[in-house]
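Written out below as structure tokens is the structure these notes cover.
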Amino acid sequence: MTGESRRARIVIVELSENDTTNISELIHEISSRAPLGALIIQEVKHMGDTYNVSGQAGNVGPDGSAEGNYFHQRGSGSESSVDLAQLVIQLKSLRSAMKSEASTPEHDMSVGSIAQAEVTASQGDAENTLSHLKSAGEWALKVARRIGVEVAALAIAHSLAGG
């Protein structure tokens, strides 16, 4: 370093927990006064508010509002109350019974929907399982009730009711 002197600029910023300073703007302001050779951030305990929301929310945070909104509950967790392992077993029985009784193209389509529901249930996909059960329709519900597969009948009824 012949003839050159290097100077170090150290900036220490300490903010309280309640400070609303925008850190990005602060860093930009500091660096605009003189170029930064390096930026070291030693510790950040907490920046901003923290909100943990599970499911739908119309508004989160201070000073917010939500009015006149319509929320369609989908994947809200209600399908998780279905015992998928038991449902798979019962859907297999239901599919077999429906196949032996099917007499129309609509019946065949319903059997196919039950087969799809059986596959998605075995994969742990409750939301798509309920969608396929809804497609199976009223005939599938009637057969399920008649042969006594109650978990399947309840799941089909729930899906047909819009759940």
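The values are calculated or read from the model by the stated rules, or taken from the named source; none is laboratory data. The structure displayed is predicted, hence computed values, not measured ones. Virtual Cβ from ideal backbone geometry, glycine too; neighbours counted across all protein chains shown. Keep in mind that these areas ignore ligands, DNA and RNA; they rest on the heavy atoms of the full protein, side chains included. Shrake-Rupley method; radii C 1.70, N 1.55, O 1.52, S 1.80 Å.
Around residue 110, with a cut-off of 12 angstrom between Cβ atoms, what is the net charge of the other residues, counting Lys and Arg +1 and Asp and Glu -1? Cβ neighbours under 12 Å give a net charge of 0.
Which net charge results for the neighbourhood of residue 136, defined as the other residues with beta-carbon distances under 12 angstrom from its beta-carbon, given Lys and Arg at +1 and Asp and Glu at -1?
Details: positive: 95, 134, 142; negative: 106, 108, 118, 138.
Neighbour charge sum, excluding residue 136 itself: -1.
Peptides 101-108, 126-133 ordered by packing proxy, namely the average of other Cβ atoms within 10 Å per residue, highest first: 126-133, 101-108.
Peptides 90-98, 145-153 ranked from most to least packed give 90-98, 145-153, packing being the mean of other C-beta atoms within 10 angstrom over each peptide's residues. Computing FRET efficiency as 1/(1 + (r/R0)^6) for residue 100 and residue 60, where r is the C-beta to C-beta distance and R0 is 45 Å, gives about 0.30. A 1.4 Å probe run over the range 80-163, with the rest of the protein chains in place, finds 52 Å² accessible per residue.
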